[in-house]
Amino acid sequence: MKRGKISNNVIRRLPRYLQQMEDLAKNGVDHISSKALGRQMGLTPSQIRQDFSCYGEFGQQGWGYSVPYLREQISAILGMKRGYRLILVGIGNLGHALLKNFGFERYGFTLAGAFDVNPELVGTELSGLRVAHIDTLEEFLKMEAVDIAVLTVPGDAADATAKQLARCGVRAIWNFTNTELAVSRKGTLVENIHFSDSLLSLSYFLTESLDAT
């Protein structure tokens, strides 16, 4: 699918659309209008039509959108059909929780490996993966094709580990280290996740709401 320049706001809404399609499918809804979809998601119908028009014409005027078809198309746009292979680097509390509870397979990702330095974790099996020592990471990446690394190491190890992953050809890093990473190697994407940003944003809106009363 050939695409022009698409705004970050549109891209960030795609997972929301996908979740909405999944919820509708679970409730037996076969098709939906942009008006009804907008009402459910807090968006205007014109915004929804504009978002989808970035990728093609998915609906029919006067009838709306096929929920199964739209779900399939959004899944493809988000790369869920590509079979991306993923590793976790850092199996502390957060890494363990992600490995155990996130459900990567549900979104089309294949878990290929898990790495840590803790001798109490190395060699143990978690969610069907045997945790390997991080010293074996480079050798593993020479043997195995990996698209994405989930990074949950301590902040002081984040930069060096990210550079190592980029050097070994990992194409994308999902960074939970609470350290802003900017990997210089061309072709390596980084998504920096800061839980504090979300909490403080919520705190800001709560404060605004309370001060207005």
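The values are calculated or read from the model by the stated rules, or taken from the named source; none is laboratory data. What you see is a predicted model, and the numbers here were worked out from it, not measured in a lab. No Cβ is skipped: glycine too gets one built from the backbone with ideal geometry, and neighbour counts run over all protein chains shown. Heavy atoms of the whole protein, side chains included, go into the accessibility calculation; ligands, DNA and RNA do not. Shrake-Rupley method; radii C 1.70, N 1.55, O 1.52, S 1.80 Å.
Taking every Cα-Cα distance in the stretch 1-122 and sorting them into 5 Å bins starting at zero, the pair-distance distribution P(r) comes out as 2, 9, 17, 18, 15, 12, 9, 8, 5, 3, 1, 0, 0 percent.
Of interest is the spacing of the C-alpha centroids, which for the stretch 83-118 and the stretch 150-174 amounts to 14 Å.
Listed highest first by mean packing, meaning other Cβ atoms within 10 Å per residue, what order do 104-115, 86-97 come in?
86-97, 104-115
Taking only protein heavy atoms and a 1.4 Å probe, the accessible area of the stretch 53-170 is 49% carbon and sulfur. Of the GluC sites (Glu not before Pro) in the stretch 131-166, the ones in a loop by DSSP (not H, G, I, E or B) with at most 13 other beta carbons within 10 Å are Glu144.
Rg and Dmax of the stretch 1-54, based on Cα coordinates, read 11.7, 35 Å. Straight-line cross-link partners of Lys100 among the aspartates and glutamates, defined as a Cα under 18 Å from its Cα and at least 8 positions apart when in the same chain: Asp116, Glu120, Glu125. Surface listing: Tyr69, Tyr84, Tyr55 arranged by accessible area from highest to lowest gives Tyr69, Tyr84, Tyr55, probe 1.4 Å.
Taking Cα centre as origin and charging only the Cβ of basic (Lys, Arg, +1) and acidic (Asp, Glu, -1) residues, the dipole magnitude of the stretch 88-213 rounds to 420 debye. The packing ranking, built from the mean of other Cβ atoms within 10 Å per residue, places the peptides 43-52, 158-167, 116-125 in the order 158-167, 43-52, 116-125, highest first. Taking all protein chains into account, the per residue accessible area for the chain stands at 61 Å² (1.4 Å probe). For the chain, the share of DSSP beta bridges that are antiparallel, to the nearest 5, is 25%. Counting 0.36 nm for each residue step from Ala36 to Phe58 and taking away their Cα separation leaves a gain of 6.4 nm.
Take every Cα-Cα pair in the chain and report what % of them are more than 32 Å apart. I get 33 percent for the Cα pairs in the chain exceeding 32 Å. A straight Cα-to-Cα reach below 29 Å connects Lys5 with the lysines Lys35, Lys81, Lys163, Lys186, residues fewer than 8 places away in its own chain not being considered. Using a cutoff of 8 angstrom between alpha carbon atoms and counting only pairs six or more residues apart, the relative contact order for the chain works out to 13 percent.
How much of the calculated P(r) for the stretch 117-192 lies past 19 Å, in percent of all Cα pairs? Within the stretch 117-192, distances greater than 19 Å cover 36 percent of Cα pairs. If the chain linking Asp135 and Tyr204 were pulled fully straight, counting 0.36 nm for each residue of separation and taking away their Cα-Cα distance, it would gain 20.6 nm.
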